[in-house]
Ligand code: C5P
């Protein structure tokens, strides 16, 4: 439609946690719900965009003609899915809570209960967003940061380290913000740029982020 500001744009959005297998029945994961990414997907669809949502294990689901959901489990699978579509997208937004480490070995039988302690060796996972940042051509790239100390300083570090256009800082210092909540309080940071928002629903936060994107790709 003529009036849809994003009708010719394609978005890549990562969302949810990753699950890193330990053995056939266990994994390392986190409490990410995938809600923030899904709300951003819906906001982009509403403005006429095509969305490819690379989604880790999550209860979130939605159907729309312009939405393609690529379901993944591990960080490596999430990276592979992102790399396979990155050159087709105009905007990439990383909301996923990717496990920083995975078990060095995946045991093929269930690990038996034995000694009083059990040691798992972990190795570093790829940084998906940083990998995309290094491959960026014309894409607008957006990251998230959740910090517990020196929030802005650390977020600005990530902005340059991952080659982002802007970063969304989630405040941990507010009840009701972040993981598993329906609300969030954000600050948008870019080079010499800072915009603070009130505590809002994740759907309102998604519109604020889309407004920022629209201003930057207009
Ligand atoms: O470095 P840190 O994990 O704090 O950065 C957070 C941002 O990087 C988020 O946008 C997150 O989705 C992304 N990320 C990623 N792959 C990782 C770790 C983080 O895409 N392995």
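The values are calculated or read from the model by the stated rules, or taken from the named source; none is laboratory data. Note that the structure is a prediction, hence the values are computed from the model and not measured. Cβ: placed from backbone, ideal geometry, glycine included. Neighbour counts: every protein chain shown.
Per-structure values
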item	result
Subset of region 100-131 (residues that are out of contact with any helix residue (DSSP H, G or I) (no Cβ under 6 Å at 6 or more places or on another chain) and within 9 Å of the ligand (Cβ to nearest atom))	100, 124, 127, 129, 130, 131
Selection count, region 132-162, where residues are under 18 Å from residue 32 (Cβ atoms) and either outside any helix (DSSP H, G or I) or more than 9 Å from the ligand (Cβ to nearest atom) (or both)	7
Residue count for region 165-218, restricted to those that are in a loop (DSSP other than H, G, I, E, B) and modelled with pLDDT under 90	12
Any hit, region 84-99, residues being within 13 Å of the ligand (Cβ to nearest atom) and out of contact with any strand residue (DSSP E or B) (no Cβ under 6 Å at 6 or more places or on another chain)	yes
Exclusive hit being more than 24 Å from residue 43 (Cα to Cα) and surrounded by 11 or more Cβ atoms within 10 Å (Cβ to Cβ), set 110, 114	110
Of all residues making up region 119-128, the number that are in a loop (DSSP other than H, G, I, E, B) and over 16 Å from residue 21 (Cα atoms)	1
Close pairs (8 angstrom Cβ cut-off, 6 or more residues apart or separate chains): closer than 16 Å to residue 166 by Cα and touching a residue at least 40 places away in the same chain (Cβ under 8 Å) in region 111-136, away from the ligand (no atom under 13 Å from the Cβ) and in a loop (DSSP other than H, G, I, E, B) anywhere	132/139
